[in-house]
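Chemist: Structure below; questions to follow.
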Amino acid sequence: MSAISGGAAPVPVGTRVGSKKRYAAARQSRDRFVRFWRRLTQSRKTFAGLVILLIFLLIALFGPWIDSQSPSAMSGAVLQGPSTAHWLGTTQTGQDVAAQLLDGTRFTLLVSFGAAAVATVIALIIGIGGGYLGGIGGEVLSMLSNCFLVIPALPLVIVLAGYLPNKGGISLILVLALTGWAWGARILRAQTLSLRRRDFVLAARVAGERSWRILFSEILPHVMPIAASGFVFTVIFAIVTQSSLAFLGLGDVTTWSWGTMLYWAQNNSALGLGAWWWFVPPGLCIGLVGMALALINFGIDDFVNPRLRVTDLRRRGRRAARLSVAEVLAPHASDSAVVEAVGK
Amino acid sequence: MTNREPVAANSALPRGATIEVDPLRRNQRPASDRFEPLVEIQHLTVEYGVGAVAVSGFDLTIGRGEIVGIVGESGSGKSTLAYAVMRLLREPAHIREGRILYYQGDSATELLAVERDQLRALRWSELAIVFQSAMNALNPVMTLHAQIDDVLRAHDRTLTRTSRRERGEELFKLVGIPLDRLRAYPHELSGGMRQRALIAIALALKPNLLIMDEPTTALDVVTQRQILDELLRLRAELGFSMMFVTHDLALIMDIADRIVVMYAGRAVEAGGPEDLLRDPRHPYTIGLLNSFPTVSGPKRRLTGIPGFPPNIAELPQGCAFHPRCDRALDVCRQQVPTFTVEEGSNRGVRCWLHGASTTLGAEASVAEEQCEPAKLARNQGSDMDRGRSSGP
Amino acid sequence: MDNPQEVAGPPLLDVVNVSKRFVVRGSRQSVTWRRHLTAVDGVSFSLRAGEITALVGESGSGKSTVARMLSRLETPSGGYVNLHGERVRFGVPGGRRAYLRQVQLIFQDPFASLNPVHTVRYHLERPLRVHQHLRSQQDVERGVAALLEEVHLTPPSRFIDCYPHQLSGGQRQRVAIARALAVGPKVVLADEPVSMLDVSIRLGVLNLLAQLVEERGLALMYITHDIASARYFAATTHVMYSGQLIESGPSEDVTQSPRHPYTQLLLESSPDPTRSRKRIPLSALEVAHGNIGTGCRFQPRCPYAMPRCAEEASPRQAVGGTHWAACWLLAPVPADGQ
Amino acid sequence: MVYLLRRTVFYVLTAIIALSINFFIPRLMPGNPIDSLLARFSGRVTPRTLASLNALFGLQHHEGLWGQYFAYWRALLHGNLGISFTYFPTAVSHVIGASLPWTLVLVGLCTVLSFIVGTAVGCIVGWKPGSFLDNLLPLTTFFSSIPYFWLGLIALFVFSGLLHWLPVSGAYDSSVSIGWTWSFIASALDHAILPAATLVISTISFWLLRMRNMMVTTLGEDYILLAEAKGLSRMRIMAMYGARNAILPNIASFAMALGFVVTGSILLEVVFSYPGIGFVLYQAVSNEDYPLMQGIFLVVTLVVLLANFLADFCYILLDPRARDEA
C-alpha cells in the first residue's frame, strides 16, 4: 500500500502516459488478432480458402453489376450452352444461368452467414453462460443444447418450414439458427468448463473481479477461435441445409439462390435434357464455398491445437522450424487444454 | 525419427579426432579396475531446428552397474540427452553429430547408425526408459498387464501366455505393487503406484541400461524416497546401469555413483557426489549447492545464483554461464572453455578458472561454436530477458 | 532469509477449526470412503503481521484447500475465520471484495496464473483500479511501475508491455506477486510459490517474499511440500497430514526435533546429501488414505502404531513452548504404567 | 453402469423434449393448416380417424392445451400416429413401418462403412502427418461440402443417364418380388450402389479429418513415445496406442455426425426415388400431409437417439475411464 500511494517511487514514465496506455490497450487486442491472422495465412491451405471465400463475398456484393441481365428475364434463347452472350448458358425458359448464379450468391451467403451469426451468438450465450455459471442453470442449458444436437436438424427444419407461412430470408435465417446453434454451444461449454478451473481465472477472482468481467475479459478471448470455428461450421451447415430445403421446394422459389436454381433445374429435368450448365454451377459453388470454409477451419484448428501445428512445421522443413521453435520446446504451454476439452 | 545423415558424415571423420575430444572416456572412470563401459556417448550434439543447440559436444561413458546422474535446470538439455540415447527425439530436434556406442561383450554397436529393426530389438531388451509423468506415459486404455505383456510378446515370440503372465506378476512383486493391480487401468492407481508400474515395465526385459527422466519429480517426498530405495535395491539385485536425469542435485547426490552437471547444453562439471559436495569447482555447481536448504545440521547461508537460465537459442558468447558468474574473466566472455579432466580421477570441469587452456582441440570447438547462428526465436520464456541483457 | 524475530501481537488472521468436505461421486473401487472426502478437518492456526508461517504437507494433504478457503475460492464446510479479530462472514454480498482487499493468494504455477492474452500492465492495473480506486491514467501507470520495482523487475518499462509468454518462470512469478501486492493486502497466502521454478531462481523469489514481509509488515503463509525450505524461510511451521495439522511449532524445533512419526518420516525422506541417512522401517509403505474412522490418520502407515491409535486420534500434546504434536507416543504415561 | 444409467435418463428426457416440440410446433404456428386439410378430406374421414387426429393435433379446441398434450401422449404410447393423407387411409405407423427398413439398411450400413473406412484412412494419414496423403484432405473436404443430392444427381446422370450401368430409381426392380431370393438381393444391391456410394463419399471426409487430427494429437502423447521405446512394431503402436485412443472422441461425436447423415440421406432418397423414410417425408411435405410429417420426425428422432445410445455404449466399452466416471 505504502509503495503505491506514497508516490515517492521513481517512475521513469514520460508525460505521454495517457496516450501510451491507450495505444498499448489497442495494441494488445490487435496483437492477438495479428497472431491469429498470421497463423491463418501461414498455411497455404487456409490461405487458399480465404481467397476463394473472398471471391464469393465480392461476387455477393457486386454480382448484379458484373452481369446486368435480370436473372428472371426470359428470352427466346432456350436451353443454350455457354456462350459469350450467356456465359453459363440459358434455362428452359431462356433465363441467363450466370445472372441467376450471381444473384443467388448474394441471397445464399446472406442467409447462411446471417444464420451462422445468430447461431453463434446463441451458442456463445448458452455455451459460455452455462459453462461458467454451472449449477442447475448450467445443467439445464447443457441439456438443452444436447437435445438440439441429437434431434436431427433437417426433418425439424422441414417440419418447421412446412408450417411457416412466410418463407422469406429472415424466417429462414431464424429456422437455420435455431437448428444450428447446438454444436457450437456444446463445444464452447466444454471449453469454458475447463477454462473456469484454470489458474488465471481463479486469480482474477481472487483479484476481486466481477463475474461478467471475468467472462468477457478472461474467458471470452480464449474461446474466440473455437467460436470462430463453430461459426464457419455453421455457415457450411446453413448453406447445405438451405439448399436442401430449396431443392425440396420448401423455400421461397421466387427468390434466387443456389438452392432454388437447383430446384428449377431439377423440376425441368435439366440433367435429363443434358443441360449440365444449368445444374452443375450452383452445386459447384456450394461445394467451393464449403471447401473454402473447411480450409479456413484447418487453419483455426491449427491455431487451437498446437500439436497440429508441429505437423505443418515438419512438412515445410527446417526454415519453418526456425519460426516456431518456441512452440516446439514448450508444447504444453499455451492452449493445449483446448484439445482435451474438445476431445470428450 | 532420428536423422541419420549427420552421423554418417561424422563417422567419415578420422576416428582419432573423435577420441581426442573425449576426455571422459579416457579418464573419467571410477578408480576401480572393474570399470567396464556399457554406453559411450561421443561428442553428441543435438539441435532444435537450425541453430538452437540443446546438447553440445557431450561426452560420457557409463559403466556397467553404474548410476550416473545428469543434473541441470530446464533448458539445460538433460532430457534431450536422455531421449537422444533412446533415439526418441522428434522433429524438429535432430542429432547433428556424435556417436553413441553400446558395448556388448567385445563388440560395440553404434546406436545412431543401426537400422530400424535392429534398433527395435535393442530397445527395451538392452536400454529402457522411465518417463517423468507416469500418467501420460501409460496407455490409458490398456491394463497394466497388457502393457507389460506387449513388450514381452514383441521381443520374444516364444513366450507362452502363462509365462508372460508369470513374468508380469514377478515384475509387480519386484517393484512392490499388489498383484491384483495387474488387471487395473492406469487411472485407477495412485501416482506412486503408476510410477512403480512404469519401472516394472522398464525392467520387463532385464535391460542393461535404465534411463530415468526425472522419474520421481511429480511425487511426494516420502513416495520418492521409497521408490529411490527400491531402485537402489533393484540395481544391487539385477545389476543394471542407470542414467538418472534430474534437476534436483540434493536427490542425485544421495543415489548416484557419478554426477554430470549440465548447463546450457554442455557438461560443466563431473565427479562423484562426495567430490561435488566437498569440493565443487564450477561456479554454477557452487551456486546450485548454495541454493537448496538442508534439513539437518546448522543452517547454511544460502546465496543462490543471480539472473536467469539462458535460452538455448540465444546463448551468450563464450562460457554460457558468464552473465550469471561473479568471477567471470574476460576470456569467459569470448571463448568456451574446454572440459578439463583431472588425471587419475573422474573429476572434470569446464571452466577457465580451473585450468582450461586454449589447446588445439579447444580452438577447434570454439571456432565451431561461432559458426552456430544464434538467432533463434525463443524458448519457453526467458527470451525477453535474454534478448535485452545480451543486447547493447 | 533469517527468521523474522517473533513479533508479538494479536494475530492478523485467525483460522479456527476450519473444515472442508467434498462430495465425491462413488467410483468402482473404494466406494465406501469416497462419498465424502474430508479434505480439511478442523484446522486451526493464526498468522501474524511481519511473520512467515509455513504449512507443510504432501500433495492431497489439504494444504492447498486451506489456501483456497482462505482466499474464498472455496467455502469452508465448518469452522470460522477471524480477520483483525472480527469474524469473517462468508457469503455476504460485497464482503468478498472487502475481504480480498486484505487477503491475497499467490498461485503455484506462474505459467498458468497469468492470462496469456493480457500484458503485465493489464494484470497489475486491474487490482489497482478495483481496490485502490485509482482513476487517472497517470496514477495507475505510476502504481504499476512502482509495483514492478518492488518485485525487482527493473526497469519497469522493460516489462510493462510484455505478455506472459515473453517472460521466464521467475519473472512471471514476480508479476504474480506484484499483482497480489497491488491490492494492498495485509495477509498473503503463497501456495507453493517456487515449486514450479528452476532451483537456481527459487531462492531469489523466496528472498523477495521475505523482504516484502519485512517491509510491508505482511502476514505470509508459505505453503510447501518442502520442509527444508520451511525451516529456512518460516518462523513457525505447521505440518499437515490427510487434512489435519499433526505437528506445529517454531520451524527449527519442528525440523530438528520432530516429534510426530510422520514429520520424522518426511524429514528422513527429504534429500540432503550433507547427512548420512537413517532408515525408517519400511512399514511406512504407501497405504491408501482409506478407512478414516476416529483413529489417527497416520496410523495405517505408522511404524509405531499402537492399538489405541486405531481407536481415537491423539489431541495436541504439548512438547515445549509452542511446539506440539498430535501423537499418543507423546502422551504422559499413565501412573499405573500400563 | 452409473454412466450408462445417466445416459439413459438423458436420452429419455431428450425423447420427451423432442416429442413435445413435435406437439407444440403445429400449435404455435400461425394459422391452422389442419382445418383446411380436414376440409379437403371431410367426406372420407371416419369418426375413428377424426378421433385420432383430434388427439394428435387438437383439431377441436374444446380441450385445454394440457388436455391436448396428455391426449397426444396417450395416442403416442398406443403407437397411434394418425392417418396419412397421402396414403389415405393407411395409418402413419404403417407407412413408416414399410419405409423405415429400407432407410435403416441403406443409411445404417453406409454410415458404418463410412465410419470404418474414414477412420482407418484418417488413422493412416494422421500417422504420418505432412506426407503426400495429407493432400487428400482438401479433395475429401470438397466432396463433403457439396450437397449429397447434387452429387447424387450428377452420379445418376453419369452412371445411369449416360453410361446406363445402373438403375435410375427405386430400391429393387419391379419385376422381382421381395424375399430372400438371389434375384431380389442382387436387384436391391444394384439399386443401392449409387446412393450408397454417394453417401459414403459425402460423409467419409468428416470421419477422416477428425480421426487424422485426433491421431496427430495422440501421437504427441508420452505413451506413444514409450511404446516406441519399448520396441513394439509400428502396426501395434499405430493400432493399440494411437488409433485406440484417437478413436474415442470420434465415437463421442457420433451424435453430431448422425444429424448430418440423416439430413443428407433424406435428400438422397428423394433423388434416387428410394422408397425409404426420406422419400416418404418428401411426399408428405409435398402433399402437406402433416400427420405423416410429424410421425416421421418422431421416428427419425427416436432412431437417432437409439443410435447415439449405442455409440455411448461402445464408448464405455472402449474407454475404461468412462466406466468409472460418474
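Laboratory data are not the source of any read-out in this text; all were calculated from the coordinates shown. Predicted model, so just to flag it, every value in this text is computed and none were measured. Cβ sites come from the backbone with ideal geometry, for glycine too, and all protein chains shown count toward neighbours.
Chemist: Relative to the first principal axis of the alpha-carbon coordinates of chain C, what is the inclination of helix C:199-216, with its axis defined by its Cα atoms, in degrees from 0 to 90 and to the nearest 10?
Modeler: Once rounded, the angle reads 80 degrees.
Chemist: I need the calculated FRET efficiency for the pair residue C:214 and residue A:72, taking r as the beta carbon distance and R₀ as 60 Å, to the nearest 0.05.
Modeler: Given R0 = 60 Å and the Cβ-Cβ separation, E is 0.10.
Chemist: To the nearest 10 degrees, how steep is helix C:120-131 against the longest Cα principal axis of chain C, on a 0 to 90 scale?
Modeler: Between helix and principal axis, roughly 80 degrees.
Chemist: In region B:141-291, what % of DSSP beta bridges are antiparallel (nearest 5)?
Modeler: 50
Chemist: Given chain C, what percent of its DSSP beta bridges are antiparallel, to the nearest 5?
Modeler: About 60 percent, rounded to the nearest 5.
Chemist: Once you have the alpha carbon radius of gyration of chain C, what is it after dividing by 2.2 N^0.38 Å, with N set to its residue count?
Modeler: Details: Rg = 21.3 Å, N = 338, 2.2 N^0.38 = 20.1 Å.
My calculation over the Cα atoms of chain C gives 1.06.
Chemist: Holding the Cα-Cα limit at 32 Å, pick out from B:78/C:186; B:299/C:186; B:78/B:206; C:63/C:186; B:78/D:230; B:78/B:299 the pairs that are longer than that.
Modeler: The answer is B:78/C:186.
Chemist: Enumerate the helices in chain D for which the Kyte-Doolittle hydropathy averages -1.0 or more and the C-alpha atoms extend at least 20 Å along the helix's axis, using complete DSSP H runs.
Modeler: Helix filter hits for chain D: D:2-28, D:92-127, D:182-219, D:254-271, D:290-318.
Chemist: OK, next. So what's the net charge close to residue D:232: Lys and Arg +1, Asp and Glu -1, counting the other residues with Cβ under 12 Å from its Cβ?
Modeler: Summing Lys and Arg as +1 and Asp and Glu as -1 gives +3.
Chemist: Determine, from the Cβ-Cβ distance of residue D:69 and residue C:138 and an R0 of 45 Å, the FRET efficiency 1/(1 + (r/R0)^6), rounded to the nearest 0.05.
Modeler: It comes out at approximately 0.10.
Chemist: Of the chymotrypsin sites (Phe, Trp or Tyr not before Pro) in region D:174-258, which ones lie in a loop per DSSP and count no more than 14 other C-beta atoms within 10 Å? Let's see the in-between values first.
Modeler: Details: sites: D:180, D:182, D:184, D:206, D:207, D:223, D:241, D:254; in loops: D:180.
Filter output for region D:174-258: D:180.
Chemist: Read phi for every residue in region B:38-43 and hand back ³J(HN,Hα) as whole Hz from Karplus 6.51 cos²θ - 1.76 cosθ + 1.60, θ = phi - 60°, with x for Gly and Pro.
Modeler: 10, 10, 10, 9, 10, 6
Chemist: Something else: Extending each Cα 7 Å along its Cβ direction at residue B:36 and residue B:104, get the distance between those two points in nm, one decimal.
Modeler: 1.5
Chemist: Another question about this same structure. For the pair residue A:143 and residue D:175, how long in nm is the line joining their label points, each one 7 Å along Cα→Cβ?
Modeler: The modelled label-to-label distance comes out at 5.8 nm.
Chemist: Right, next: What are the residues whose amide H is under 5 Å from the amide H of residue B:110, where those residues sit 5 or more places off or on another chain and H is modelled from the backbone?
Modeler: Those qualifying (amide H under 5 Å, at least 5 residues apart or on another chain) are B:102.
Chemist: What ranking of A:128, D:316, B:312 emerges when the number of other C-beta atoms within 10 Å of each C-beta is taken as an exposure proxy, fewest first?
Modeler: Starting with the residue having the fewest Cβ neighbours, the order is D:316, A:128, B:312.
Chemist: As a footprinting exposure proxy, order B:249, D:100, A:172 by other Cβ within 10 Å, with the fewest listed first.
Modeler: Values: B:249 24, D:100 17, A:172 30.
In increasing order of surrounding Cβ atoms, one gets D:100, B:249, A:172.
Chemist: Under a point spin-label approximation (7 Å from Cα along Cα-to-Cβ), what is the residue B:114-residue C:73 distance to one decimal in nm?
Modeler: Inter-label distance under the simple model: 4.7 nm.
Chemist: Oh, and also: To the nearest 10 degrees, how steeply does helix C:137-150 sit against the main Cα axis of chain C, on a 0 to 90 scale?
Modeler: Tilt relative to chain C: about 40 degrees.
Chemist: Looking at chain D as a GNM with Cα springs under 10 Å, which of D:12, D:107, D:262 has the largest mean-square fluctuation?
Modeler: Maximum fluctuation in the GNM of chain D, among the listed residues, is at D:12.
Chemist: Amide H neighbours of residue B:58 under 5 Å, counting only residues 5+ apart in sequence or on other chains, H built in-plane at 1.01 Å?
Modeler: Under 5 Å from the amide H of residue B:58: B:43, B:44, B:45.
Chemist: Of A:199, B:59, how do they rank once you tally other Cβ atoms within 10 Å and put the fewest first?
Modeler: So the ranking, lowest neighbour count to highest, is A:199, B:59.
Chemist: Now for a separate question. FRET efficiency for residue A:35 and residue D:88, Cβ-Cβ distance as r, R0 = 51 Å, nearest 0.05?
Modeler: 0.20
Chemist: Next up: Explain nothing, just the number: relative contact order of region C:192-267, from Cα pairs under 8 Å at least 6 residues apart, as a whole percent.
Modeler: Value for region C:192-267: 21 percent.
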